1. Evaluate E = 1/(1 + (r/R0)^6) for Leu127 and Arg100, where r is the Cβ-Cβ distance and R0 equals 22 Å; express this FRET efficiency to the nearest 0.05.
2. Based on the Cβ-Cβ distance of Arg111 and Ser62, what FRET efficiency does E = 1/(1 + (r/R0)^6) give at R0 = 35 Å, to the nearest 0.05?
3. Please give me, ordered by residue number, the GluC sites (Glu not before Pro) of the range 7-114 that lie in loop per DSSP and have at most 12 other Cβ atoms within 10 Å.
4. Between Thr22 and Arg77, what's the calculated FRET efficiency when r is the beta-carbon distance and R0 is 22 Å? Round to 0.05.
5. If every alpha-carbon in the range 17-73 counts as one equal scatterer, what log10 I(q)/I(0) does Debye give at q = 0.14, 0.22 1/Å?
6. Tell me the Rg and the Dmax, in Å, that the Cα atoms of the range 1-152 produce.
7. Roughly what would the spin-label model give for Arg140 and Leu39, points 7 Å off Cα along C-beta, in nm?
8. Treat every Asp and Glu Cβ in the range 40-129 as -1 and every Lys and Arg Cβ as +1, leave all other atoms uncharged, and give the resulting dipole magnitude about the Cα centre to the nearest 20 debye.
Amino acid sequence: MVGGDAVLVVQLGRQTTRERVTELLADSPCGIAPPAAGLAAVPRAAGLAIARAQVLPPEAHSPRLLEDCWLDVLAHRAGDFARDLADDVLGGLDAPAVSRSEAARLLETVRTHLDGSGSIAETAEALYCHRNTVQHRFARFHELTGRDPRRPDDAALVAVALRARRPGPEPA
């Protein structure tokens, strides 16, 4: 037990690989950290696995790798700062002149874009709309928030802000 959390430490080898451990834990919602490079790195790896487990979505039924959720861990660990970031970055969508349906449509477009390849064409295909529609939604999102999800710096801030606003465990 580490701070009230159960931790399983496995020594990897030829027979016991990370993939095999993940397979054996297939029905267990848990966090899996990258392998520790030596005994001294085990406490850090355990802490990373716990950080991953703390942001598991309620519907999780299997292990999740840390490398697949760094944004969730970052937003969770940032606490009030993450909420402040979300309010700063996404606050324009809460304006009285913006309907809930418009805000939801803009957020769906941005999430789809950021969660995918970042391609306008692929975003349009995933949303079953024309690529010009996606471009217009990005322009409107930019108008309301001051952030353009096609620019890397803005995309990074928006991605963290979206994770911070996502319902889930309370930030630390």
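1. E between Leu127 and Arg100, to the nearest 0.05, is 0.75.
2. 0.95
3. Those that pass, being in a loop and sparsely packed, are Glu59.
4. So, using R0 = 22 Å, E works out to roughly 0.40.
5. -0.35, -0.83
6. Values for the range 1-152 (Cα only, Rg and Dmax): 19.8, 60 Å.
7. 6.1
8. 320
The numbers here are math on the coordinates, done by the rules we state, and not lab data. Note that this is a predicted model, so its numbers are computed, not measured. Positions of Cβ are generated from backbone atoms using ideal geometry, with glycine treated the same way; all protein chains shown enter the neighbour counts.
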